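Structure, as structure tokens:
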Amino acid sequence: MTDLETTLPSTLQHRYIGQKRLGHRGGRTTILAQDRLTGRTVVLKLLRFDPEFEWDSLKLFEREAETLQTLQHPAVPRYLDCLEFEDGHRRGLALVQTYIDGLSLAQWLHQGRTFGAAEVQQLAQALLEILGYLHGRCPPVVHRDLKPSNILLRNASAHSIGEVFLVDFGAVQTLVASEGQTHTVVGTYGFMPPEQFGGRAVPASDLYSLGATLIAVVTGQNPADLPQENLRLQFSAPMLSPAFRRWLRQLTEPSLDQRFSTAEAALAALTQVDCEAKTDELGSVSGGAVARRPQDSRVSLVKTEKTLEIWVAPIGWNLGLLMLGAFAIAWNSFLVMWTGMALFIPWPFKLGVVLFSLPFWMVGVGMVGTIAFSLWGRVHLRLDDQWIERTYMLWGWRLRRPQPTPSQQIFALEHHPRSWQRDSEGSRVEVQPKLVILAGRHTYELGAEMQLMEADLDWLATELSTWLGLPIHRPVNRA
């Protein structure tokens, strides 16, 4: 008698012919078999009530059977039957489900198969569509063990991923609100989000596992072996666009608040990444030439995979600044003379002159500050995976540094061209061009106050659009 015949209980052998043992874990055995009655190949999942049996295994087994009965999706196994069996003096349960003929993603990777950026994106899209179906059930179905070995590719080749399937719902959880309910901690280390270690799983938990799986595909490493920084996976994937890498990082954010909350949101962002990639292939947003740094630009841009920094150099002397300087000299000279009069008048009047002069001194100091910043000040805009912040610097000192905004809150990039508007009296007023990043309730502008050229803004808009993975929105202002 073979090991396989021993594995397949005798009470099931009258209906099924065992062909191959697919796996064994925690008292559960998975067998590939042929149905004698229909002739079709099926998968049997056996749970024996033997010394290895655990009550948590029974709970998961029953939940898998109940869940599969409710699912009707071409990319997940279909429930066929659930049977009781006897195996000697012990009893058990058998779950029968359809068999999907294909190699797992883990097997492909083990064979040395590599996946290009387009294939990784196709894989991500297919799995997000499956997760969208599962999470959209009532109650939502959370897989909890999404990883390469549970993803099957059928009709795949060296140049195509073929059809994508998600299997093994042995760790599945349905989200039913129940105060005080306890959950079994299941999943695979490296592919589990932090919250799942505490027994909590939500739809976004599957999104983390998807991100970790895709990272395993592009790096060829188990995410558990990758370095971490503040629980964030650190990986290198130069074949992917910066926008795609940022999308992956948001998918694997350890904090639920910063991760995509739904498969639909992640899929929409992925679609935008695809649009940006096609835009790059065409050369620009409008299909023209790629915007490059103007020759006489005062802007410096330094970008890496994780950060993008923009430095705007001082404006320098121009006619307007010369006129302001002359006016500031005259204004402050008069204030010095006026305030000096306080030295020769009685004390009560002296205090009145000083107090009266304070607002005028503030204006004078403000003009001097504007001139100093125009000649020696710089503006620094920094973006990374976590924050966006803008700093005004003069002689190495930070003048203004507003509270940074989480970069996950960036939702729009606007390029306002030079335009004309009507003022309150009906006159046409020129509006200087500017570039605006919208992040939460904050706006980060580059343009008018720095007197940047339109060519600068065209170049920066293209660079930011590519790095952020956002389209460039161009509002139309009409006079």
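The values are calculated or read from the model by the stated rules, or taken from the named source; none is laboratory data. All figures in this text were calculated on a predicted structure; none of them were measured in a lab. Cβ placement follows ideal geometry from the backbone for every residue including glycine, while neighbour counts extend to all protein chains displayed.
If you take the residues in the stretch 418-435 that are under 39 Å from the mean Cα position of the chain (by Cα) and without any contact (Cβ under 8 Å) to a residue 40 or more places away in the chain, which one is nearest to His473 (Cα to Cα)? Working first, answer last.
Filtering the stretch 418-435 down to residues under 39 Å from the mean Cα position of the chain (by Cα) leaves 418-421, 430-435.
After this cut, where a residue has to be without any contact (Cβ under 8 Å) to a residue 40 or more places away in the chain as well, the list is 418, 430, 432-435.
Working: Arg418: 14, Glu430: 20, Gln432: 17, Pro433: 13, Lys434: 12, Leu435: 10 Å.
The extreme case among them is Leu435.
Scanning the stretch 436-479 for residues that are of a type in the set (S, T, N, Q), closer than 22 Å to Arg246 by Cα, in contact (Cβ under 8 Å) with a residue 12 or more places away in the chain and surrounded by fewer than 18 Cβ atoms within 10 Å (Cβ to Cβ) yields nothing.
If a residue has to be hydrophobic (A, V, I, L, M, F, W, C) and without any contact (Cβ under 8 Å) to a residue 12 or more places away in the chain to count, how many in the stretch 13-56 make the cut?
Filtering the stretch 13-56 down to residues hydrophobic (A, V, I, L, M, F, W, C) leaves 17, 22, 31-33, 37, 42-44, 46-47, 49, 53, 55.
After this cut, where a residue has to be without any contact (Cβ under 8 Å) to a residue 12 or more places away in the chain as well, the list is 55.
Adding up the residues that qualify gives 1.
Any idea which of Tyr444, Tyr392 is in a strand (DSSP E or B), over 26 Å from Arg292 (Cβ atoms), aromatic (Phe, Trp, Tyr) and modelled with pLDDT of 80 or more? Give the steps one after another, and end with the answer.
Details: Tyr444 fails: over 26 Å from Arg292 (Cβ atoms).
Of Tyr444, Tyr392, the one residue that is in a strand (DSSP E or B), over 26 Å from Arg292 (Cβ atoms), aromatic (Phe, Trp, Tyr) and modelled with pLDDT of 80 or more is Tyr392.
Put simply, of Arg91, Arg40, Arg48, Arg63 the only residue that is under 34 Å from the mean Cα position of the chain (by Cα) and among the basic types (Lys, Arg) is Arg63. Filter the stretch 10-65 for residues that are more than 21 Å from Gln107 (Cβ to Cβ) and of a type in the set (Ser, Thr, Tyr) and give the result. Once the filter is applied, which keeps residues that are more than 21 Å from Gln107 (Cβ to Cβ) and of a type in the set (Ser, Thr, Tyr), the stretch 10-65 yields Ser10, Thr11, Tyr16, Thr38, Ser57. Of the residues making up the stretch 105-150, those that are touching a Phe, Trp or Tyr at 6+ places or on another chain (Cβ under 9 Å) and of a type in the set (Phe, Trp, Tyr) number 2.
Checking each residue of the stretch 414-424 against the condition of being in contact with a strand residue (DSSP E or B) (Cβ under 6 Å, 6 or more places away or on another chain), of a type in the set (Asp, Glu) and surrounded by fewer than 16 Cβ atoms within 10 Å (Cβ to Cβ) gives at least one match. Only residues that are aliphatic (A, V, I, L, M), crowded, with 16+ Cβ neighbours inside 10 Å and in a helix (DSSP H, G or I) were counted across the stretch 210-243, and they come to 8.
Filter the stretch 30-69 down to residues that are hydroxyl-bearing (Ser, Thr, Tyr) and at pLDDT below 95 and give me whichever is nearest to Gly88 (Cα to Cα). Outline the logic, then answer.
If we filter the stretch 30-69 for residues that are hydroxyl-bearing (Ser, Thr, Tyr), which is where we start, we get 30, 38, 41, 57, 67.
Filter once more, keeping what is at pLDDT below 95: 30, 38, 57, 67.
Details: Thr30: 19, Thr38: 27, Ser57: 21, Thr67: 30 Å.
It comes out as Thr30.
Checked against (1) at pLDDT 90 or above; (2) buried (at least 16 other Cβ atoms within 10 Å of the Cβ), Pro254 passes all but condition (2). Of the residues in the stretch 147-165, at least one is part of a loop (DSSP other than H, G, I, E, B), surrounded by 20 or more Cβ atoms within 10 Å (Cβ to Cβ) and in contact (Cβ under 8 Å) with a residue 60 or more places away in the chain.
Part of a helix (DSSP H, G or I) and either at pLDDT below 75 or closer than 24 Å to Arg246 by Cα (or both), is that true of Thr370?
Values: part of a helix (DSSP H, G or I): yes; either at pLDDT below 75 or closer than 24 Å to Arg246 by Cα (or both): no.
Criteria not met by Thr370.
Remark: pairs (first residue in the stretch 350-362, of a type in the set (Lys, Arg); second residue surrounded by 12 or more Cβ atoms within 10 Å (Cβ to Cβ) and part of a helix (DSSP H, G or I); Cβ separation under 8 Å; 6+ apart in sequence or on different chains) = Lys350/Ala342. Applying the criterion of being touching a Ser or Thr at 6+ places or on another chain (Cβ under 9 Å) and either within 23 Å of Leu470 (Cα to Cα) or not hydrophobic (A, V, I, L, M, F, W, C) (or both) to the residues of the stretch 200-209, the residue that is surrounded by the fewest Cβ atoms within 10 Å (Cβ to Cβ) is Pro203. Quick one: count up the residues across the stretch 319-338 that are surrounded by 13 or more Cβ atoms within 10 Å (Cβ to Cβ), over 27 Å from Gln451 (Cβ atoms) and at pLDDT 80 or above. Number of matching residues: 1. The number of residues in the stretch 305-344 being touching a residue at least 24 places away in the same chain (Cβ under 8 Å), among the aromatic types (Phe, Trp, Tyr) and either over 30 Å from Ser465 (Cβ atoms) or touching a helix residue (DSSP H, G or I) at 6+ places or on another chain (Cβ under 6 Å) (or both) comes to 3. Here Lys59 clears all of (1) surrounded by fewer than 20 Cβ atoms within 10 Å (Cβ to Cβ); (2) touching a residue at least 12 places away in the same chain (Cβ under 8 Å); (3) closer than 20 Å to Pro148 by Cα except the condition numbered (3).
Sort out which residues of the stretch 62-99 are of a type in the set (A, V, I, L, M) and either surrounded by fewer than 14 Cβ atoms within 10 Å (Cβ to Cβ) or in contact with an Asp or Glu (Cβ under 9 Å, 6 or more places away or on another chain) (or both), and write them in order of number.
Residues of the stretch 62-99 that are of a type in the set (A, V, I, L, M), as a first pass: 65, 68, 71, 75-76, 80, 83, 93-96.
Residues satisfying the conditions are Ala75, Leu80, Leu93, Ala94, Leu95, Val96.
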